[in-house]
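A.B. asks: One structure, as structure tokens, below. Some questions next.
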Amino acid sequence: MRIVVAPDKFKDALDARSVGDALADGIRSVEADADISVVPMADGGEGTLDAAIAAGFAVSRVTVTGPLGAPVDAEFAQHATTAVIELARASGLSLVAPGHRDALGASSRGTGELIAAALAHGATSIILAVGGSASSDGGAGMLAALGARLLDAQGEPLPDGGGALRNLERIELDTLDPRLADTRFVLASDVDHVLLGPQGAASVFAPQKGASVAHVAQLELGLTRFARILRAELERRAPRDRVKDFAQHAGAGAAGGVGFAALAVLRALQRPGVDVVCELTRLRAHLAGADLVITGEGSLDAQSLGGKTPVGVLHAAASLGIPTVAVCGQSSLEESEWRAAGFSACYATIDRAPDRATSIRNAGVYLTEIGAEVAAAVAARRD
């Protein structure tokens, strides 16, 4: 029996590798000779770096500016001239204690510093995995770290953070790191929000980062000003008819607007995160000759069916005629829904636990049980 286990992380419980290993342990308890490949996956947000490292990318460590200005130790991964940068490692909300969240002051500067470090290591192709950001600065901090000059009315550099953007008067891109011109960027994201308006970065995501109603209004004002001045600078550098309105581009609102800066200035190609990770991990090569695929994530819901890891893996397996089982912490889908999506079975750890807290705390134990159950079911059908 050949089984590929390709899960995403179970948030607050286990990373993707640990999820896969627990399932594999369960399978081997029933089928000791099973040929199992554990392929940690992600959807372009948190966990993408771990997936790249598991796929053989080398790790580089660097100290960068954290979301609130204090130094943090971050990592990026690289293979040959391709680097993977996970925004959350440098500018993530997880780096800020809940009581210290500062939606106005948080910056994406550290992400720009990670990009600069990758350039210094010879990267000419950079995958920027966004998600889980603490900032709502439109990627201004990232651009500043890469050499852009954001100036106020007195010609002084603007402080970091989305709250300062309302005082922005001028942006100079002539000072950008020249290596960027020869670097190919991929924006790995499944977020389709625009930068501005009721479906924009400030309105939708800033409240999760500690923003009050008044803060959201300030951030919206600053991001609007930032988008207008940046577009004017881009038009100064290129014919007006060649400059797109990236503020209204789907995905511009990703990571507090880092998507906007990546699209407009870094000329990033936006791709579904799970597709990027499938390529990074060479998932299709692992699937060759498999009898079964097991995938999943912490919460299986309608959003999962829109392009998260489980469905990305499912589509890859289905194209090769391989049945796929979904495993999750909890599911809000009816059986008819996950079957219609194409899964042959669905297991949830919450169904084995007395409550959610226990399900999270003992996730590894329950996943091992599920792995054994899946293997037993396959063996029964084979016999």
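A.B. asks: For the chain, take the longest principal axis of its alpha carbons; what is the angle in degrees between that and the long axis of helix 309-318, to the nearest 10 within 0 to 90?
C.D. replies: Its long axis makes an angle of about 60 degrees.
A.B. asks: With N residues in the range 306-363, what two-decimal value do you get for its Cα radius of gyration over 2.2 N^0.38 Å?
C.D. replies: 1.23
A.B. asks: Hey, what angle do you get for helix 363-382 against the long axis of the chain, alpha-carbon based, 0 to 90 degrees rounded to 10?
C.D. replies: For helix 363-382, the angle is close to 50 degrees.
A.B. asks: Test of understanding: ordering Lys11, Lys308 by Cβ neighbours within 10 Å, fewest first, what list do you get?
C.D. replies: By the 10 Å Cβ count, ascending, the order reads Lys11, Lys308.
A.B. asks: DSSP loop GluC sites (Glu not before Pro) in the range 323-383 with at most 14 other Cβ atoms within 10 Å of their Cβ, which ones?
C.D. replies: Glu334
A.B. asks: When Lys and Arg each count +1 and Asp and Glu each count -1, what net charge do the other residues less than 13 Å away from Arg352, Cβ to Cβ, add up to?
C.D. replies: Around Arg352, the surrounding residues sum to -2.
A.B. asks: What angle, in degrees between 0 and 90 and rounded to the nearest 10, separates the Cα long axis of helix 109-120 from the longest principal axis of the Cα atoms of the chain?
C.D. replies: So the inclination is approximately 80 degrees.
A.B. asks: Also, quick follow-up: May I ask for the net charge around Thr81, where only other residues with Cβ less than 11 Å from the Cβ of Thr81 are counted and Lys, Arg are +1 while Asp, Glu are -1?
C.D. replies: Combined, the nearby Lys, Arg, Asp and Glu give 0.
A.B. asks: A further question on this structure: Under a GNM of the chain (C-alpha, springs under 10 Å), which listed residue has the highest mean-square fluctuation: Asp192, Asp275, Asp137?
C.D. replies: Its mean-square fluctuation being the largest, the pick is Asp192.
A.B. asks: Here's another thing I want to ask about it. Which lysines does Lys308 reach when only Cα atoms under 17 Å apart count, and residues fewer than 8 places away in its own chain are ignored?
C.D. replies: Leaving aside lysines fewer than 8 places away in the same chain, those within reach of Lys308 are Lys9, Lys11.
A.B. asks: Which of the listed residues, Ala353, Ala341, Ala206, is farthest toward the dipole's positive end in the chain, when Lys, Arg count +1 and Asp, Glu count -1 at the beta-carbon?
C.D. replies: Comparing the listed Cα positions along the dipole, Ala206 ranks first.
A.B. asks: While we're on this one: If you average the alpha carbon positions of the range 49-89 and of the range 185-207, how far apart do those two centres end up, in angstrom?
C.D. replies: 22 Å
A.B. asks: If I build a Gaussian network model for the chain, linking alpha-carbon pairs within less than 10 angstrom, which residue out of Ala262, Ala201, Ala318 has the largest mean-square fluctuation?
C.D. replies: Ranking Ala262, Ala201, Ala318 by mean-square fluctuation puts Ala318 first.
A.B. asks: Then there's this: What's the local net charge at Phe205, with K and R +1, D and E -1, over the other residues with C-beta under 15 Å away?
C.D. replies: Computed value for this residue: -4.
A.B. asks: Averaging over all projection directions, find the projected area of the Cα convex hull of the range 48-273 and quote it in nm² with one decimal place.
C.D. replies: Spelled out: convex hull of the Cα atoms, projected over all directions, averaged, 11.2 nm².
A.B. asks: Still on this model: So if I place +1 on the C-beta of Lys and Arg and -1 on the C-beta of Asp and Glu, and nothing else carries charge, what would the dipole magnitude of the chain be about its Cα centre? I want it in debye, nearest 20.
C.D. replies: The dipole of the chain has a size of about 860 debye.
A.B. asks: Could you tell me which of Ser331, Thr295, Val216 has its Cα farthest along the dipole of the chain towards the positive end, charges placed at Cβ (Lys, Arg +1; Asp, Glu -1), taken about the Cα centre?
C.D. replies: Of the listed residues, the answer is Val216.
A.B. asks: Semi-axes of the range 154-291's equivalent ellipsoid from the Cα gyration tensor, sqrt of 5 times each eigenvalue, largest first, rounded to whole Å?
C.D. replies: 31, 21, 13
A.B. asks: I've got another one for you. With contacts defined as alpha carbon pairs under 8 Å and 6 or more residues apart, what's the relative contact order of the chain in percent?
C.D. replies: Answer for the chain is 20 percent.
A.B. asks: Still on this structure, I have one more. Please tell me the relative contact order of the range 48-273 in percent, rounded to the nearest whole number, where contacts are Cα pairs under 8 Å and at least six residues apart.
C.D. replies: Rounded, it is 20 percent for the range 48-273.
A.B. asks: Have a look at the chain and give its Rg and Dmax from the Cα atoms, expressed in angstrom.
C.D. replies: 21.8, 79
A.B. asks: Just the ratio, please: alpha-carbon radius of gyration of the range 10-54 over 2.2 N^0.38 Å, N its number of residues.
C.D. replies: With N residues counted in the range 10-54, Rg over 2.2 N^0.38 Å equals 1.27.
A.B. asks: Can you show me the helix-derived [θ] at 222 nm for the chain, built from DSSP H runs with n ≥ 4 at -39,500 (n - 2.57) apiece and divided by the number of residues, rounded to the nearest 500.
C.D. replies: -10500 deg cm²/dmol
Values in this text are rule-based calculations from the coordinates and carry no lab data. Since we're looking at a predicted model, the values are computed, not measured. Glycine gets a Cβ as well: all are built from the backbone with ideal geometry, and neighbour counts include every protein chain shown.
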